[in-house]
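See structure below.
No lab work stands behind these numbers, since they all come straight from the coordinates. Treat the numbers as computed from the prediction; the structure is a model and nothing was measured. Ideal geometry is used to build each Cβ from the backbone, glycine not excepted, and the neighbour counts take in all protein chains shown.
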Amino acid sequence: MDVLYKRCAGLDVHKTSVVACVRLADGATVNRDVRSFDTTTSALLDLSAWLAEHGCTHVAMEATGVYWKPVWHILADGDVDLVLVNAAHVKAVPGRKTDVNDATWLADLLAHGLVRSSFVPPVAIAEIRELVRTRKQLTREKTRHAQRIQKTLEAANIKLDSVISEILGVTGRAILDAIVAGESDPTVLAAKADRRIKASPEDLRAALFGRVTRNHRFLLKLHLQHIDAIDQAIADIDAEVTERLAPFRQAARLLTSIPGVGEVSAETIISEIGVDMDRFPTAGHLVSWAGLVPRNDESAGKRRSNRLRPGAPWLKTTLVQCAVSASKAKGTYLRALYHRLRA
């Protein structure tokens, strides 16, 4: 098999150590040098210098959690081409022996061009990605606190969610604050409702008649404090994302012109795939990378499985939400196409 890279290296990255194997090919002769480094910044700088001394042009490492990131950032400042490899792709390559360490095996695969590089966004996009993902995690945490509030209300026999659609809305929050403050009279609590609430005053009073204890009020206060802190954190992230997204504002505007794609969805899409589409040969490649196409699992003319592969979970969920929104947007081509395909 042809050797594509004569001077390359493979890295086996762990939390506290990195095992590096340099593969040097000179004709039919192959020399390997294996060495271990710590993952401290000074040790990774030594690793970069060691690779430069051997004249390595390409370096491959597996995507192991978040441990590969500091290694990548240090080596990216050098003159080597970095390749981030999906661990599943490496395991799928046949011929690995049990007595070969991971670094040596990665170096051999890289030298013969048997590994594919994963998508690693530029630093500016990666920073926006971390902010957007953190915002989504905080939003999920806020939802969990809202669910805990609902459980606490049910324990107190307060049927607030039966008369209003959003317990953290204007009416719900006013009633919850009053309950935390010690109010238990259903009439007084019902008077806190916004005039736009569809539920009648009688239904509100019946739903708010319960048995709220001191423990219930303490738990409600605790969850509301967490929700307020999360709301403030999300607002801070929104402001930071808006500032970081300034160089890509035109791309965000183009995305929001698509039916079903809002401002938050546009920020998520840009943070996950960037703005340089040259890395994806066709739209089909991008859809496949996102994990939104059925897997190729066919034998004897029969398709055995249509399940989607994991793909990019952060991007996939956003695109599915955009597709659902587009299917409900009136007077659009995408909605008409959706219903035509559905029929």
*Once the piece of chain linking Val34 and His14 is laid out straight, how much longer is it, given 0.36 nm per residue of separation minus the C-alpha distance between them?*
5.7 nm
_Suppose each label sits 7 Å from its Cα in the direction of the beta carbon; what would the Glu53-Ala233 distance come out to in nanometres?_
4.4
_Give the residue list of trypsin sites (Lys or Arg not before Pro) in the range 115-192 that are DSSP loop and have at most 13 other beta-carbon atoms within 10 angstrom._
Arg116
*Mind checking which of Ile158, Ile270, Ile230 has the largest fluctuation in a GNM of the chain, springs on alpha carbons under 10 Å?*
Ile158
*If you keep only loop residues by DSSP, which trypsin sites (Lys or Arg not before Pro) in the range 207-314 have at most 15 other Cβ atoms within 10 Å of their Cβ?*
Arg211, Arg295, Arg304, Arg307
*Just in the range 104-155: which GluC sites (Glu not before Pro) are loop by DSSP and have at most 16 other Cβ atoms within 10 Å?*
none
*asked:* I need the Kirkwood Rh of the range 39-193: take the reciprocal of the average 1/r across all distinct C-alpha pairs and report it in angstrom.
replied: 20.6
*Of (i) 1.10; (ii) 1.19; (iii) 1.36, which is the value of Cα Rg over 2.2 N^0.38 Å derived from the coordinates here?*
(iii)
*Please give the peptides 333-343, 316-326 ranked by average Cβ packing (other Cβ atoms within 10 Å per residue), highest first, as a rough proxy for protection.*
316-326, 333-343
*Unsatisfied cross-links (Cα-Cα over 22 Å) in the set Lys15/Lys91; Lys151/Lys221; Lys192/Lys328*: Lys192/Lys328
*On full extension of the chain, what length is gained from Ser325 through Met277, given 0.36 nm per residue of separation minus the C-alpha to C-alpha distance?*
14.9 nm
*Extension gain (nm, one decimal) between Glu141 and Thr317, 0.36 nm per residue minus Cα-Cα*: 61.7 nm
*Modelled label reach - Ala246, point 7 Å along Cα→Cβ, the range 118-155 residues with backbone N closer than 17 Å*: 124-125, 127-128
_Can you compute the label reach from Ala25? Point 7 Å from Cα along the Cβ direction, backbone N cut-off under 14 Å, restricted to the range 107-130._
107-115
_Taking every DSSP beta bridge with both residues inside the chain, roughly what % is antiparallel (nearest 5)?_
70
_Where N is the number of residues in the range 225-343, Cα Rg divided by 2.2 N^0.38 Å_ = 1.30
*Using helices alone, what [θ] at 222 nm do you get for the chain, with -39,500 (n - 2.57) per DSSP H run of 4 or more residues, divided over all residues and rounded to the nearest 500?*
-16000 deg cm²/dmol
